[in-house]
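Beneath this line is the structure, given in C-alpha cells, with notes to follow.
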Amino acid sequence: MARSFWLMKSEPDVYSIDDLAADEGQTTCWDGVRNYQARNFMRDSMKVGDQVLFYHSNADPSGVAGIASIAAQAYADPTAFDKKDKHYDAKSDPDNPAWMMVDVKFVKRFSKVIPLSELKTYSQLDGMELLRRGSRLSVQPVEKSHFDFIVKLGAKRPKS
DNA sequence: GCCAACGTTGGC
DNA sequence: GCCAACGTTGGC
C-alpha cells in the first residue's frame, strides 16, 4: 500500500516539535490518545514511513510547525494501565488493550509555524479536516495534495 | 478565560 | 435507543 499522510496535534506547552527534535533518537511514543476515531487511524491505517504534519494546538499561533514520520506501527499504550497516570483507563486490559500508540520521528521543523488563520485562506486546502468547523480530531488523515501544498508553504517560510 | 462544538456517560 | 448532563478540545 502507498504511503499515507496524517496530521497530529500536540500542545507545544506540553510537547512541541522542538521537544521531538531534542528527544533521544528524535523519536517519541504518541501516548495519551483517548479518542476512538484517532485510535482507529493509528491502529488500523498508520504504517512505518507515513508522513505527518506536526500541528501545534492551543498555541500562539496555532498551526503546522513541521514534519514528522511514523517510526513504529501501533502497539499498546502503557499509560492506560498505570493508575497514577493522567490517562489511566480501567477499561483497557493489558491482554486486550483499548488504547494504542505509534512512534513518531522528527523530520523537519519549519523555520516559522504556518498559522491556522493562514491555512484557512488557501482554496487549495478546501475540504481539509483540520479546517472543518468544530473539528477536534487530534489524529487525522490528510490528502496528499494538501500535504504537499503545506510542505511547500513551509519550505518557503522566511526566517523569523 | 470564554464558549461553541463535540464525544461520552448514564438514567430512563 | 433517546437524550440530557457532563467533560474535553481548542480557537479566539
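Throughout, read-outs are computed from the coordinates displayed, never taken from laboratory work. In this text the structure is predicted, and so the values were computed from the model without any measurement. Note: ideal-geometry Cβ built from the backbone for every residue, glycine included; neighbour counts use all protein chains shown.
Okay, here's what the table says:
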quantity: Hits among lysines - C-alpha to C-alpha of A:LYS120 under 20 Å, sequence gap 8 or more where chains match; calculated: A:LYS9, A:LYS112, A:LYS144, A:LYS152, A:LYS156
quantity: A:ALA2 paired with A:TYR88, simple spin-label distance in nm, labels 7 Å along Cα-to-beta-carbon; calculated: 4.6
quantity: Cα-based convex hull volume of segment A:38-121 per residue, rounded to whole Å³; calculated: 125
quantity: Karplus-derived HN-Hα couplings along segment A:16-27 (A = 6.51, B = -1.76, C = 1.60, θ = phi - 60°), whole Hz, x at Gly and Pro; calculated: 9, 5, 5, 4, 5, 5, 8, 5, 4, x, 6, 9
quantity: Paired Rg and Dmax values of segment A:1-63, which use every Cα atom, in angstrom; calculated: 12.4, 37
quantity: Amide hydrogen neighbours beyond the local backbone of A:VAL142, cut-off 5 Å, H modeled; calculated: A:PHE5, A:TRP6, A:LEU7
quantity: Estimated D of chain A in µm² per second, where Rh is the Kirkwood radius over Cα pairs and Stokes-Einstein applies at 10 °C, 1.306 mPa s; calculated: 98
quantity: J(HN,Hα) series, segment A:43-56, from Karplus relation 6.51 cos²θ - 1.76 cosθ + 1.60, nearest Hz, glycine and proline x; calculated: 6, 9, 10, 7, 10, 4, x, 4, 9, 10, 7, 8, 10, 8
quantity: With Cα atoms, 0 to 90° folded angle of helix A:144-156 axis to chain A main axis; calculated: 60
quantity: R0 of 22 Å, Cβ-Cβ distance A:LYS156-A:LEU131: FRET efficiency to nearest 0.05; calculated: 0.65
quantity: Radius ratio Rg over Rh of segment A:85-160, counting only Cα atoms, Kirkwood formula for Rh; calculated: 1.09
